[in-house]
Each structure stands twice: as C-alpha cells, then as structure tokens.
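Every number here is computed from the coordinates shown, using simple stated rules; none is lab data. If you're wondering where the values come from, they're calculated on a predicted model, not measured in any experiment. Reconstructed Cβ throughout: ideal geometry from the backbone, glycine too, with neighbour counts over all protein chains shown.
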Amino acid sequence: MTFSEDQFVADLIALDRDGGALPEQIYHAVGDAVRTGRIPPEGALPSSRALARELGVSRNTVNAAYELLRADGIIAVRQGAAPRIGAGPEIERARSAPRVHAPRLSARGAHLAERRRQAMSDVGLLEPGAPVEDLFPADEWARCLRRVARRRYGAEAMYANVAGLQSLRVALAEHLQRWRGVVATPEQLIVVPSAQAALTLAALCLADPGDTALVESPGYWGARIAFAQAQLQLRALEVDADGADPDCAADANARLIYVTPSHQFPTGARMPLTRRMALLERARRSGAVILEDDYDSAFLWRGRTIAAMQGISAGAEVIYLGTASKSLLPGLRLAYMVVPEPLVEAFSQVQRHMGLRVNIHAQAALAEFIETGALTTHLRRIARTYEARGRLLVETLRLVLGDRVEVEMPMGGVQTVVTFRGAVDDEAVSLRMQKAGFNTPALSGYCIGEPRVGLIVGFAEATPDIAARFARTLAAAV
C-alpha cells in the first residue's frame, strides 16, 4: 500500500516548530504510526523530496529523520525507490504474540508486600506517627531553600561526602548533644532518606542471614520489615508500662536489639534508667548492637525528657537513629544515624552502594533551620498543638465509649493506643474504620509475641469534629 502524500502529512505528522528538533519529531511520528498499525506492514512512505515539500522543511531534515528510522530497522531505503516499512512483520508478530503473565514476585517480595498491606492502608485520617501538613513552617523552609540553592558546594555537589553534607552533620551533632545528650563527632553522623533506610543499612552491615534480632512487641513495623529484608530471625522484647523488658529474651543470642526507649512506639511508655542500663550491659556481654530509635523525642510534654541511651553508653554498643519526619514532614526524606567511629567508613560505603544519598539542598536547608534556631521555635509551637489534640482525642473517646475501651492520656508523640475490653476482633474493627476513612491499624498486627488487641490512633489532626466523628464510628464498629 502507498499513502498519498497529502494523507500521510495530514494524518501522521504534526510538526511543532518550537517543540524541539524537527528530524526527531518526524522520526517519532512515523515510528508511533508503525507501532500502532496506522501504517500497515510493507507500506511505502513519500520520498524525502515530496515529504519535505509537504511539511515545509528542508530535504536534509527529512533525510535525517529517515536515517533514524532506517537505523532502527523501521524502514528500508533503496536507491531510486520510496522508503518502505521494513519492520512490519516483526512488529505484527510482537502485537499478535500471546499474552504472558506479569513478572513474578519473589517469595521474599510477596511476603514483604503482604505484611505491609496488612499493617496499614495508604490513606486515611488519624494515621499513627503522621504529623499534620498544615503546621509545616512552609515560609521559613522556603526562605532556607532559596538561600541554600544559590550556594556552591564544590565536591559535595558531586560525589563527595555521600554520608551527609558537612554543615548538616556539624549542626546535628551540636543539636543532639544539647537536646538529647548524644555524644558524637560530626563525622559519626550519616544522613539517610528515612529511619527505615537507616534500619535496613544497619541490618545489612551488622547481621548475617539467620542471625537473631530482638524487636519490641508491640513495636514499629518498619524494623520488622528491615530485618526481614536482611533475612534475620525475630524474637520479641515484650513491652509493658516501662517499655521493653530486657529480661524476656535473656536467652536469645541476638546480633541486633531494636528499641524506642524515650517514647515507645506505639504505647508511649518510657524505659526507666534501670532497664536502659540492664539492656546496655546485656549488649556489651553478648556483642549485640542496640538500635535506639529516638523518632519523636521532640514531642514529650509530660514529665522529664530522658537522655538518649547513646549518651550514657560506652559509645560502641549503640547506634542512634533520628528523623525529621515527625518534626517537619515525612516527604522531605531526611533522617540520620550516629554510628560508632570504627563503623563509619564501612557504613558510608554501603550507603553509597545502596543509593541512599539525600538531596543536598534539603540537607543544607535543614542545617540552616537548626543553626538559626527555627527548628527549636517550630518544635515548641507544634508540641503545644499536638498536646492539645492528643488530650482532646482521649477525652472524646472516654466520653463516647466509656469503659468499652482503655486509652491513656499521651505524654508525647503523635499517636496513642486504644485497647478494647472483652473479646474484640481488632483486625475487623480496623477494616471497618478504614472503610469509614480512618487509617488506624490493629494493634495485634504489631505484635510478634504476646497478642494484644486494640487500635493505634494518630492524633496530630484530631480537631474537635474529627475526634467526635472517629469516636462515634469506633463505638459503632466495636
């Protein structure tokens, strides 16, 4: 079949004179027409002279496009003859080939994907651990970004200092020393995209497949996922009113011990000094490494803030983890870890190999945010808001549900645990709440030891209307 020149030009090629190189536009238009069957196999195209005349371009432009099509095998060009579609049979075979199954997930991929799906939905109100975007200091952050984007960073803008921008590491070291009692040089700070990335990095660097990791129960899902990716065996550190109990897994020959001692996730318990010292001693004797996740210590408003375990340790048995996800926004992808000096070089190299570097301008903006005192001011402001919203949610739940639930007044953070009295299927309740627009996962899904029943509920966005609607919906679901 041979197309008339007018039909070919009108139907298949529409040039945008301001849209980039003209030969590439012709190449893409013809190629798309062949792949979609608008030009049949063995069809003939206009000569380069004829097509150039119809399109109002030079013949060299058309020849360049035809050469690109010929190089791809889409057309065949012979001296003295019009170009013809040369890849027609191959394209027809590709289009008519029987459908095949989608690529198959590995057993590990399927396992990890299913565990995440069961733990929490992707959207919904009152998500645990989530700050509220309305309180993000957008104007001040934008000013910081504008300032730092104009700077030159030399080698750091290329591939140097993958572990983190030096100015941010200095600012973090000073900030953590002042507010959390962390003892570290800037060189011990490694900046990563998230606490999840830090846990994955630590698990892969410090443990081999089959090694044991102790995790809190109930506890943070991300730690379990990171350790599962590293093919570790999990043992439970049961949590009570004093946080994780070091004695409940005394016989475990653990390589890693994951804890949230300052404000346990999700229960909010604080680990007393006696337990922290016992856990440090156990780690020293067994050669284990404690991963101390200090994820939301900025939001403790009841009682005294306890010092980080890293600061009271000998330094080598604790890796300290922190994040800006709760204080600013998770989407900024800013977190950090304090690594013992002997491990810094190895961790930095593995970080490079895994592609876990963080955007340089985001790092510089956070450094300036800390140095100017804007972070401290912001934390004080949002802590007051979150305290009021946490109190409102608890009081509303107690009023509406009475003795059907137990819920403690939070002393920090942005989530609390609602437990049920009597026989209640918390997975079923969580699903009902999810259908009503609330992202409140079942507590039982966060346990690997003794099962507990309840919901994990965030309160960062608990306005009076949302708190009342949640309480009424939960009462009906229970």
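Sorted largest first, the principal axis extents computed over the alpha-carbon atoms of segment 135-372 equal 56, 40, 28 Å. Taking a Cβ cut-off of under 12 Å around Arg70, the surrounding Lys, Arg, Asp and Glu residues balance to a net charge of 0, with basic ones at +1 and acidic ones at -1. Once the gyration tensor of the Cα atoms in the chain is diagonalised, the equivalent ellipsoid follows with semi-axes of 55, 28, 24 Å, ordered largest first. Between Arg38 and Leu15, the modelled label-to-label distance comes to 1.7 nm, taking each label 7 Å out from Cα in the direction of the beta carbon. Which residues in segment 205-234 place their backbone N less than 16 Å from a point set 7 Å from the Cα of Ala107 along the Cα-to-Cβ direction? Only 209-210, 228-233 pass the distance filter.
So which DSSP H runs in the chain come out at 24 Å plus along the axis (Cα) with average Kyte-Doolittle of at least 0.0? Don't skip to the answer; put the middle values down first.
Numbers: long enough: 374-401 (40 Å, 0.11).
Qualifying helices, which must be both long enough and hydrophobic enough, are 374-401.
Summed over qualifying helices (DSSP H, 4 residues or more, each -39500 (n - 2.57)) and divided by its residue number, the chain shows a 222 nm mean residue ellipticity of -13500 deg cm²/dmol.
Taken about its Cα centre, segment 168-295 carries a charge dipole of roughly 240 debye when the Cβ of each Lys and Arg holds +1 and the Cβ of each Asp and Glu holds -1. Could you give the longest part of the chain that holds none of the GluC sites (Glu not before Pro) found in DSSP loops with at most 16 neighbouring Cβ atoms within 10 Å? Between exposed loop sites, the widest span is 43-407.
Here the translational diffusion coefficient of segment 377-477 follows from Stokes-Einstein with Rh set to the Kirkwood radius across Cα pairs; for 37 °C and 0.692 mPa s it amounts to 237 µm²/s. Packing here is the average count of other Cβ atoms within 10 Å per residue, and on that basis the peptides 147-153, 221-227, highest first, run 221-227, 147-153. What base-10 log of the normalised intensity I(q)/I(0) is obtained for segment 322-384 from the Debye formula, alpha carbons as equal point scatterers, at q = 0.12, 0.28, 0.30 Å⁻¹? Debye curve over Cα of segment 322-384, log10 I(q)/I(0) at q = 0.12, 0.28, 0.30 Å⁻¹: -0.39, -1.24, -1.29. In a fully extended conformation the segment linking Thr419 and Arg381 would gain 10.7 nm over its present Cα-Cα distance, using 0.36 nm per residue. Each of Thr463 and Glu371 was given a label point 7 Å from its Cα along the Cα-to-Cβ line. The distance between the two points is 3.8 nm. Taking a sphere under 9 Å around the Cβ of Ala308 and counting the other residues whose Cβ falls inside, with K and R at +1 and D and E at -1, yields a net charge of -1. Sparsely packed loop sites in segment 243-339 (the trypsin sites (Lys or Arg not before Pro) outside DSSP H, G, I, E and B with at most 13 other Cβ atoms within 10 Å) comprise Arg302, Arg304.
Computed from the C-beta positions of Ala76 and Arg49 and an R0 of 22 Å, the FRET efficiency is 0.75 to the nearest 0.05.
Using Cα pairs under 8 angstrom and six or more residues apart, how large is the relative contact order of the chain, in percent?
17
Modelled label positions at Asn60 and Ala157, each set 7 Å beyond Cα in the direction of Cβ, lie 3.6 nm from each other. Using R0 = 30 Å, the C-beta based FRET efficiency linking Thr274 and Glu345 works out to 0.25. When only the Cβ of Lys, Arg, Asp and Glu is charged (+1, +1, -1, -1), the dipole of the chain relative to its Cα centre reaches about 480 debye. Taking a Cβ cut-off of under 12 Å around Leu15, the surrounding Lys, Arg, Asp and Glu residues balance to a net charge of -3, with basic ones at +1 and acidic ones at -1.
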